[in-house]
Amino acid sequence: MKSYLTVGRNASFRFTERKSVFIGNIFRTESDEAAAAAIAGVRDMYPDARHNVYAYILRQGNMSRYTDDGEPHGTAGMPVLQVLRGRQLTDCTVVVTRYFGGVLLGTGGLVRAYTEAASGACDAAGTVRMTPCVFVRIRSGYTDYQKIRSIVSRAGGTERETEYGDSVTAEYSIDSERAEAVLAAVADQTSARATAETVGSGYAELAE
């Protein structure tokens, strides 16, 4: 598995170009169904808009789709898709809503406007890198817990959830390529007092 880039959060961006209002909305979507739901939600939000142009890219099935939604061919959906491709983003959907202001923008003007709307939404959302991880649960005493947190943090791992009682049980996301070394360091620096078990694997956002 390889790491990938996606948006940090759902976000929106609005601007006006020669009386037409453009609203870019971006969502993190990990399936075709999620993308369709996001698109439908925007259409419900702006039912009186002239156009709701969309584009999305998914890791699932290596899929990408777009639509001009009534704009001249190649002036809307493809420019939005190209923004996502240019930023190497996946598992996300952009919908750009246009309220027509009565002034024709021309082919070049439409491409620029839809590109700006998509880019603005991406900027507002931010970008995160999702990394293949091992999820590890470690049980330890409180003193060792601080050592473990430091070991994991230095390796770029993150703490997912923690339970406090007579001992501390914490679950961490650790880069798959570093997990073995991290667990060895935990065992060494706690003199094997801490007990660790792997509870799963998947993608997670890690600290830079």
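The values are calculated or read from the model by the stated rules, or taken from the named source; none is laboratory data. Bear in mind the structure is a predicted one, so any value in this text is a computation, not a measurement. Here the Cβ is made from the backbone with ideal geometry for all residues, glycine too, and neighbour counts use every protein chain on show. The area values use the complete protein model at the heavy-atom level, side chains included, leaving out ligands, DNA and RNA. Shrake-Rupley method; radii C 1.70, N 1.55, O 1.52, S 1.80 Å.
Worth pointing out:
- Counting only residues that are surrounded by fewer than 19 Cβ atoms within 10 Å (Cβ to Cβ), polar (S, T, N, Q) and within 19 Å of LYS2 (Cα to Cα), the stretch 170-208 holds 2 of them.
- Test result for SER173, among the small types (Gly, Ala, Ser), touching a residue at least 24 places away in the same chain (Cβ under 8 Å), touching a strand residue (DSSP E or B) at 6+ places or on another chain (Cβ under 6 Å) and outside any loop (DSSP other than H, G, I, E, B): yes
- Of all residues in the stretch 95-136 being out of contact with any Ser or Thr (no Cβ under 9 Å at 6 or more places or on another chain), of a type in the set (Ser, Thr, Tyr) and in a helix (DSSP H, G or I), the one that is least open to solvent (accessible area, probe 1.4 Å): SER119
- Taking the stretch 59-68 as the range and being among the charged types (D, E, K, R) and either under 14 Å from ALA36 (Cβ atoms) or exposed (fewer than 13 other Cβ atoms within 10 Å of the Cβ) (or both) as the test, only ARG65 passes.
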